[in-house]
Structure formats: structure tokens, C-alpha cells
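The values are calculated or read from the model by the stated rules, or taken from the named source; none is laboratory data. All figures in this text were calculated on a predicted structure; none of them were measured in a lab. Cβ coordinates were reconstructed from backbone atoms using ideal geometry, including for glycine residues, and neighbour counts include every protein chain displayed.
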Amino acid sequence: MDEAIVPGSRLTRRAAVGLFEAALQSRLQDLEARRLKDRGVGFYTIGSSGHEANAVFGALLRTTDPALLHYRSGALLAARQRQGRGETPLFDAMLSFVASAEDPVSGGRHKVLGSSTLWVPPQTSTIASHLPKAAGMAFALERMARLHLPLPIPADSIVYCSFGDASCNHATAQAGFNLAAAATLHNLPCPVLFACEDNGIGISTPTPHGFVARSFAQRAGLHYVAADGRDLAQAHDQACAAIEYVRGHRRPVFFHMATVRLLGHAGTDMENVYRTDAEIDANEARDPMLAFADLLLRSGALTRDEMLALHADTEERIRRCAEEALGRPKLATAAAVVAPLRLPDPAALRPPVADPALRARVFGGQLPELDPRPRHLAFRLAQGLKDLLAAVPHAFVFGEDVGRRGGVYNVTDGLQAAFGRARVFDTILDETSILGLAQAFGSLGALPLPEIQYLAYVHNALDQIRGEAASLQYFSAGRYQNPMLVRIAGFGYQKGFGGHFHNDNSVGALLDIPGLVIAAPARADDAVGMLRTLAAAALQAGKVCILLEPIALYMTKDLHEKGDGLWSFPYPPPHEAVPLGEPRIHGASDGDTLTIVSYANGLYMSLQAQRQLLAHGIQARVLDLRWLAPLPVAAVKAHGRATGRLLVVDECRATAGGPAALLLAACAEDPELAGVALRRIASHDTYIPLGPAANLVMVQTEDIVAAARALARETVR
């Protein structure tokens, strides 16, 4: 059985039988999934039929090589599970098909290919949105190994990533290829194996013949390897060559494997709508399982009777597993469904603090908390980041222009000089790649601190946060996480500079993402304290965190008059942090007429309005939300009850741009606030124009004063 399956091949007859068993398991699971659907008890039918040759990678890769899989990689997972211990592959697959809460991958939340013991993080991608993460993981693996940081996998591991031919068209896929190729062209190691399983069609849209080969065979920075997925020996040998190239050269490979899609796209897909009977017949004649079976029979690896017995035995075991899985519990409460999204207990979060001697060296003997001079936001943030990098040796700062330039607004100034180019580095100009890198570093145990230059730019890559990063804990039932702390320069009020891309006043797309932690500080001391809290939430609870930094307040030093210095603040001692979800109240007293609620630039203007209102005999307290997720709703309600009037000042656009509607809805639904007058002001539903016209559509201090005076005149119960 240890003879070559065909002369000159590295595939033995024994290994070929193992691959056939994995392929057969995958095919029969696909068929069982459809039977379960027909009975109304199964919920997922996108299968791997026709792609079974990917089993070669399941057998050849190490179980410590991270595998980020296409949804048609069922045979690969089956082959990989044969290397594991303690797995129950057939039963686990059936648990996922019937959405049982005992599914060890997602806990019944989704049908995904994954394994927490075999380094197969679950992917929910249907458009290759996991490719930037895969390329980033290869890059991060090498960077952490170079710095001798602890790794959860061997330093010579490689990253495997599979996807379909149609997915190559997606911008996110191109970002992944480009990230890996750019690393190569910069002479940086990036050991990722991209595996394109080319079946020639995307649902009903054909891929042009030769498209993939013409697009990637000569692509700079990618080594191209091709194989026929119907030829098991060739696929095996080419896979061996590809793996050896990536592992030995630490450079990316594009592996192009011709496959065939059988059984349609999914169980509801009727191929005869868009394919002729002749095309369907020709497609089925190319079934790789027929070619595999013929190879085993011709080589004598299996007899006809042995093959039939294997088929019957595998089918029977799958059927029994399916019936057992149907009796296992489902997710039965909303609390159980959302459990992986739960936010950490604020009292349990501890900010990371560096060794005092190291802090002294990093700050050149001038500890920032001992500096009596108050400072502005950008200055303090730079110090806070320096403190954090000193406290967390596996923290990395990266993004566009964050290195020698020190960031567009000098927030990363001095970091590269203090910690080196390996920990503080510039990336290519692509937000998707930046966030893919962030997920990768987090999944390997590091603390990534990526910077997105402007809030508008994050929309180029929002699915990397929404569909990939923030969803991982949910779809893995908390077994996997990719903690990160994303810094985003945002909001408006840059005196009309730059137009809408540099003055984006909408955070609605971020507020929509479940489980995200979002901070929006307005003051320098709060920014440092909240940076520490977010770092703790990422490190200790695996959360995906966003720090929204108001650009217009970066260099602001004064509040009311030029030279008053009232918007400059001391540096908080390293052990101090802002509790998660805790707001700050300004100027509360028993005689207050109303409560003004705001955040970021809105807070700055609300405090200006607070003083101007005193000239009209109106006492107002100002509540700084500080946190947009979790929103401090209880505090808003409490202060609204205390004054009887509540004005929410939202600098974001009126329609779904910011948190105002969420706050007012929560207050309006609370019977205890039935007598409280509720109002809001928000910016217009428009992009921000260039120049002074910007002030016409964004909330201004005088708007807050006018709205507060009108609200103060209203009679409340």
C-alpha cells in the first residue's frame, strides 16, 4: 500500500485511500444536508460536491497551519480532522446542519467549517472577505516571530486560504492578493497559500474561460501553481510543491485548481434555469469522485466490494449521526443567541501598565503625569500610545503614514523612534488591508492598534469590521477572537477643510455593528483614559474596539476665549482609566433647568452654550456620553428625570447618523420619563461642503443656545 498510486507520483496508495475516504465523507454529508432540508429540519445546503480534491491540503498541511476556508472546503476539513484527536467529524457536521446549540463550531448560530482544535477559524465569507485576514496573518506571523514574541503556533507555520473563482473579482479578494504581493515586493516574508477552487461559475454567472490563469499566472509577487482537481495524484503532487515553496521561501503562492460544481450552488438552486440539459450532463460526467474511484480501482488500492462497503458504512454512520443530532438542544432564548456578544464587566477591566523603569526610559526620564503643563488632545494621545506600547510588548501600531511622519495629525509622533520599525510601521494605502492585518495580529495573540486616517475612509473597508472582525466571537461561540483597537480620526468642524471625506459626520454604520465597543472622547485626559480601557477590553475580553478621535479638537487648547487654556488637560497617571460606559457630567446643580447631552465636538460646543445660557438666566447641566457603544442610557434617563428637560445635541447627520435617535427612543419608551420634555438637534442630512458653507449644515453653538432657550420655556410635569 506504500507504493505510488501512479508511477512517479508522491501519492501512495495508502494515502490515496485516506483522501478518498475524506472526499466520500464530504460528498455524503452534502447529500444528507439536502435530505434534512427536504424534511424541514436542516438549514444549510451549500456543499462541496465537485471540489473534493481539496482534501489533499487537509492531509498535507499541518494542523497548526491556520486554514481560512471557502464554504466548499468540506473534504479538506474532513481530511484534516483525520489528523486530529478527540474530534467527532460526522456528528459535529450534522449538529451544524440542524443548527444545534451543541455544534462545537458556532453553537448553532451558523453553518460554518471550523475547528477550535485544528486551527480552522470559522469564516462566514461568501465573497472572499477573509483573504485580507489570511495575508495579514502570514505577515503578522513572521513579524511576531522576528520579535521573538510568544506565538500560539510554530514560527514556520504557513497560512492557507481557499476561495472560488468568482470571488477573485471582489475588491476585498484583490486587497488580500495585493497585500501579500506588496509584502513580497518589499522583501518582507508573507507565507500564505491562496487556493482558488475554480469551478467556472458564480451561482449562475460563468467565469470567462481562462480568466483566472490569465489574471494570476504572471502576477507580480505571487508564485503561480496549477492543478486539475479531477486528477488526484497531480493535485496531491502540485499541492506538495506549493506547500514546500511557501514554507521554504516564506512567500505567497496562488494555487489554481480546476474543479467542477455539482448539485448546483445550493439546495434551492435550479440549474436548469440557466444551464441546458447537455451542459448539466457534461458537468456531471466530470465528477471527480468517479475519477478518484477509477484511480483506486485501477491501482488496486481498493476493490469494488471494498469501495461499496466503504460507501455504505459512511452513509449509514452519517444517517445515524443526523438522527442523533436532531434530538440535541437548539438555541432556545435570545440571551443564549447573543451571549458571545456580551460586553465585559467594566469593574473587571484593568488597564495595562508598564514597568516603572521602562516607562522612565521610554519617556526619557520625563514622566508625562509629572508635567504640570496642561496639553491638548493630539499631544496627550501620542503619550498615551507610547505608554501602551511600553506596557504591552506585543502591541503594534500601523497604518498610512504613522511611522516616520508621525501620522497626518502627529498623533503617532515619536512612536517609531521609541519602539522601532517592526512595531510601528507604515502600510500600503488600503483600509481593507489595514483591518485585515489588525484581525491577523489579534488572532495570533497580539494587540493591534491600526489607524484609519479619516472616518470616511473606514467605509471603504467596513465589512472587515462588520462581517469579519466583530462577528468572529459570535460565529465561533466565543472560541475564537481577534481583539483590536482601531483608531479613527473623524467627525467634522475642520473649518471647511477637505470637504466631505475629511469631515465625515456619520457614525451610524458603526453603531449598527453588534458587540462593537465605541469610544468618542472630546478631552485629552478622557482620550488617554479611554484608550487604556479599550486596550483592556481587547486584551482581556477579545473585543473589537473603536476610538473615534475628533479631528477638529486635536490641536484645540482653549474653550471660551483665545488663551484661556480650558481645553488643555493633565496626563492621567498610568493606572487610571475611564470605566467602560461611564459618562462625565459637567456643572450639575439642584437648580438646573435642563440637561444637554452630547459627545466629541458637540460636547465642546455644549459647554460653550452652557456658559452663554447663564446670561439668559438658564442653568443647564451638560452630560458627555463619552461612549457610543455601550451608550450610557441609564445616566441620560437619570439626568433627564432630574431636570425635566432633555436636549440631545448630535453633531452627526439627523437621519441615522449618530446616537440621538437611539437615546430619545429609549427615553420615550420609559414610562418613568413620561413628563420629561425630549428634544434634539442634529446636523443636516448632507455631505459636508468645502469652505465656510460647512457651518451652514453642521450644528453650531448658537443652535444649541437657541434650542436650549426654547426648551427651557416649555412647561413640564
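Regarding residue 75, is this residue in contact (Cβ under 8 Å) with a residue 60 or more places away in the chain and crowded, with 21+ Cβ neighbours inside 10 Å?
Values: in contact (Cβ under 8 Å) with a residue 60 or more places away in the chain: no; crowded, with 21+ Cβ neighbours inside 10 Å: yes.
No; evaluated as a whole, the condition is false for this residue.
Selection over the range 648-678 of residues that are surrounded by 17 or more Cβ atoms within 10 Å (Cβ to Cβ) and within 18 Å of residue 594 (Cα to Cα) gives a count of 10. Checked against (1) free of Cβ contacts under 8 Å to residues at least 40 places away in the same chain; (2) in contact with an Asp or Glu (Cβ under 6 Å, 6 or more places away or on another chain); (3) of a type outside the set (Gly, Ala, Ser); (4) crowded, with 18+ Cβ neighbours inside 10 Å, residue 429 passes all but condition (4). In the range 124-176, the qualifying residues are those that are touching a Pro at 6+ places or on another chain (Cβ under 6 Å) and not aliphatic (A, V, I, L, M), and the one that is surrounded by the most Cβ atoms within 10 Å (Cβ to Cβ) is 176.
Please indicate, with yes or no, whether at least one residue in the range 608-622 is crowded, with 24+ Cβ neighbours inside 10 Å and in contact (Cβ under 8 Å) with a residue 60 or more places away in the chain. Yes.
Among the residues of the range 17-46, those identified as of a type in the set (Gly, Ala, Ser), surrounded by 18 or more Cβ atoms within 10 Å (Cβ to Cβ) and within 19 Å of residue 325 (Cα to Cα) are 26, 33, 42. Condition check: in contact (Cβ under 8 Å) with a residue 12 or more places away in the chain and assigned to a loop (DSSP other than H, G, I, E, B). Does residue 10 satisfy that? Yes. Every condition in (1) free of Cβ contacts under 8 Å to residues at least 60 places away in the same chain; (2) under 27 Å from the mean Cα position of the chain (by Cα); (3) more than 28 Å from residue 437 (Cβ to Cβ) is met by residue 360 except one, and the failing one is (2). Residues of the range 656-705 that are more than 20 Å from residue 625 (Cα to Cα), polar (S, T, N, Q) and touching a strand residue (DSSP E or B) at 6+ places or on another chain (Cβ under 8 Å): 686 alone. Given the residues 566, 510, 559, which is the only one that is within 16 Å of the chain's Cα centre (by Cα), modelled with pLDDT of 95 or more and either over 23 Å from residue 413 (Cβ atoms) or in a loop (DSSP other than H, G, I, E, B) (or both)? Answer to the selection: 510. Go through the range 611-717 and tell me which helices (runs of 4 or more DSSP H), entirely inside it, have 2 or more residues that are of a type in the set (D, E, K, R) and modelled with pLDDT under 95. In the range 611-717, there are no helices (runs of 4 or more DSSP H) which contain 2 or more residues that are of a type in the set (D, E, K, R) and modelled with pLDDT under 95.
Among the residues of the range 258-284, the ones that are within 20 Å of residue 38 (Cβ to Cβ) and not in a helix (DSSP H, G or I) come to 9 in all.
Pick from 166, 181: which is of a type outside the set (Val, Ile, Thr), touching a residue at least 12 places away in the same chain (Cβ under 8 Å), more than 24 Å from residue 199 (Cα to Cα) and assigned by TED's automatic domain parsing to the domain that holds residue 215? Step through it out loud before you land on a result.
Numbers: 166 fails: more than 24 Å from residue 199 (Cα to Cα).
Just one listed residue meets the conditions, 181.
The single condition among (1) out of contact with any Gly (no Cβ under 7 Å at 6 or more places or on another chain); (2) β-branched (Val, Ile, Thr); (3) assigned to a helix (DSSP H, G or I) that residue 184 does not meet is (1).
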